[in-house]
Amino acid sequence: MQAWLCDNPIGVQALRWTDLPTPTPAPGQVRIAIHAASLNFPDLLTVQNKYQVKPALPFVPGSEFSGVVEALGDGVHHLKLGDRVATIGVSGGFATHACVDAAAVMPLPAEFDLDDAAAFAFTYGTSHHALIDRAGLCAGESVLVLGAAGGVGSAAVQIAKAAGARVIAAASNDEKCAFCRQLGADVTVDTSREPLREALKAATEGKGPDVVYDPVGGDLAEPAFRAIAWRGRYLVVGFAAGTIPALPWNLALLKGASIVGVFWGDFVRREPKVFLQSLGQLFAWHAEGKVKPAIDSRLPMRDLAEAYARMGSRQVLGKLLLVN
Ligand SMILES: NC(=O)c1ccc[n+]([C@@H]2O[C@H](COP(=O)([O-])OP(=O)(O)OC[C@H]3O[C@@H](n4cnc5c(N)ncnc54)[C@H](OP(=O)(O)O)[C@@H]3O)[C@@H](O)[C@H]2O)c1
């Protein structure tokens with residue numbers, strides 16, 4: 001097998017495309033011939049030693065991938081050779097093969113293609129947990145999605161629409177705003193040209209968005225919070241801008257608003273039954289055509305450095321796939 005190996009987490013430049021012995025699955029594991037892996041922002045942070053989860057060295061990055069089961073370890077009963085599957089973890093995906101715990105592997109519904117499966121559970125799972133579970137989003141409410149053309153942002157736009165909400169999508173240029181309208185956004189705000197707070201007032205007849213979904217942080221957080229509606233819920237999802245915002249607490253008091261943390265990885269570990277219900281609704285919405293990953297492009301697995309560079313320079317619309 002071949003894999004991108006990280007033995008020095010100082011950044012993408014230190015990754016090496018390496019020949020490795022094809023592993024035999026241990027008891028309870030399966031070996032997957034990887035079809036595609038998607039790039040998630042945490043993959044960028046992990047190879048820079050900046051993510052909260054730090055894999056033991058050396059490791060193969062790549063947290064989400066799809067493929068076909070080609071070997072079974074002892075004691076695996078719910079999967080068989082040839083099954084089409086997807087999985088999410090912290091590592092292993094930027095390779096041709098990976099052995100993973102069978103318990104962490106999802107068999108795919110027949111109509112679910114392997115490209116969509118490599119770019120689904122992480123982003124849609126996060127955004128569903130955030131909007132539906134943590135914010136209790138109701139039909140008819142309005143949602144501001146920051147970073148709406150990115151991975152979790154594009155999923156949030158589709159999920160909020162599927163839940164019957166009105167979506168205001170914020171992104172940093174015209175092309176991204178047009179992409180968000182294709183995803184279903186009702187209104188877009190180009191944050192490079194329009195002051196966010198004023199644009200939100202205009203888009204909501206002065207009321208402000210009921211829910212703010214924020215995977216970006218940085219300078220947009222305070223104006224977004226200042227615009228939030230009475231009883232608004234502000235979802236703290238991530239800090240792609242690189243700065244963790246600090247808010248004057250009186251803003252929460254004045255709006256009767258909540259600041260709601262979202263940590264999907266721990267949600268999956270701590271509340272597996274609720275996670276499975278969430279995934280069930282997402283699979284149903286996918287089958288109905290209400291949600292579908294927007295794939296920006298499919299790059300050969302060997303072009304991982306280019307994929308990382310595009311994500312790091314905010315050029316990706318939706319999701320990037322690395323394919324074998
Ligand atoms: N809480 C959780 O459980 C959870 C789960 C998954 C991901 N996350 C977090 O969510 C964030 C987004 O992840 P993602 O996979 O959606 O990433 P992504 O596809 O790269 O999207 C991030 C968006 O952030 C915006 N951005 C602003 N400043 C940026 C900068 N300096 N560098 C890069 N992007 C910048 C960009 O939109 P504009 O150009 O339009 O501003 C970009 O589209 C990350 O912080 C990630 O760690 C959190």
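The values are calculated or read from the model by the stated rules, or taken from the named source; none is laboratory data. Only a predicted model underlies this, so the values are computations on that prediction, with no experimental measurement involved. Cβ sites come from the backbone with ideal geometry, for glycine too, and all protein chains shown count toward neighbours. Calculation scope for accessible area: heavy atoms of the full protein, side chains included, ligands and nucleic acids excluded. Shrake-Rupley method; radii C 1.70, N 1.55, O 1.52, S 1.80 Å.
Table for the structure above
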| item | result |
| --- | --- |
| Karplus-derived 3J(HN,Hα), 6.51/-1.76/1.60, for each residue of region 307-319, Hz, glycine and proline x | 4, 4, 5, 5, 5, x, 10, 6, 9, 8, 9, x, 10 |
| Net charge of Cβ neighbours under 14 Å - reference Thr18; Lys, Arg +1; Asp, Glu -1 | 0 |
| The chain: calculated mean residue ellipticity at 222 nm from DSSP helix runs of at least 4, using -39500 (n - 2.57) | -8000 deg cm²/dmol |
| Whole-Å distance, taken between Cα centres, linking region 207-251 and region 1-80 | 34 Å |
| Candidates per GluC sites (Glu not before Pro) in region 27-111, loop by DSSP, up to 15 other Cβ within 10 Å | Glu111 |
| Built amide H within the under 5 Å cut-off of Ala98, gap 5+ | Ile32, Ile34 |
| Relative contact order for region 51-98, counting Cα pairs under 8 Å that sit 6 or more residues apart, in percent | 48 percent |
| Long-range Cα-Cα pairs in region 272-319 (distance over 14 Å), rounded percent | 65 percent |
| Furthest towards positive pole of dipole, Tyr213, Val316, Ala95, structure part the chain, Cβ charges | Tyr213 |
| Rg/Rg_globular for region 131-224, with Rg_globular taken as 2.2 N^0.38 Å and Rg from C-alpha atoms | 0.94 |
| Nearest-10 value in Å² for the accessible area of Ile32, using the 1.4 Å probe | 0 Å² |
| Cα coordinate range in region 1-87, projected on the principal axes (Å, largest first) | 39, 24, 20 |
| Rg/Rh for region 99-165, where both radii come from Cα atoms and Rh is the Kirkwood radius | 1.05 |
| Rg/Rg_globular for region 232-272, with Rg_globular taken as 2.2 N^0.38 Å and Rg from C-alpha atoms | 1.43 |
| Those lysines that a straight Cα-Cα span of less than 24 Å connects to Lys201, excepting residues fewer than 8 apart in one chain | Lys161, Lys176, Lys255 |
| Potential lengthening between Gln277 and Arg231 on full extension [0.36 nm per residue; Cα-Cα distance subtracted] | 13.9 nm |
| Cα-based equivalent ellipsoid, region 179-269: semi-axes from gyration tensor eigenvalues, Å | 20, 18, 14 |
| Karplus 3J(HN,Hα) series, Hz, for region 35-45 with 6.51 cos²θ - 1.76 cosθ + 1.60 (x for Gly, Pro) | 8, 8, 10, 9, 9, 10, 3, x, 5, 5, 5 |
| Cut-off 12 Å, label 7 Å out along Cα→Cβ of Asn49, residues of region 1-31 by amide N | 7-11 |
| Amide H contacts under 5 Å for Tyr234, placed H, 5+ residues apart | Val212, Ser258, Ile259, Val260 |
| Solvent accessible area, Å² - Thr96, 1.4 Å probe, full protein context | 30 Å² |
| At 0.692 mPa s and 37 °C, Stokes D of the chain from Kirkwood alpha-carbon radius, µm² per second | 163 µm²/s |
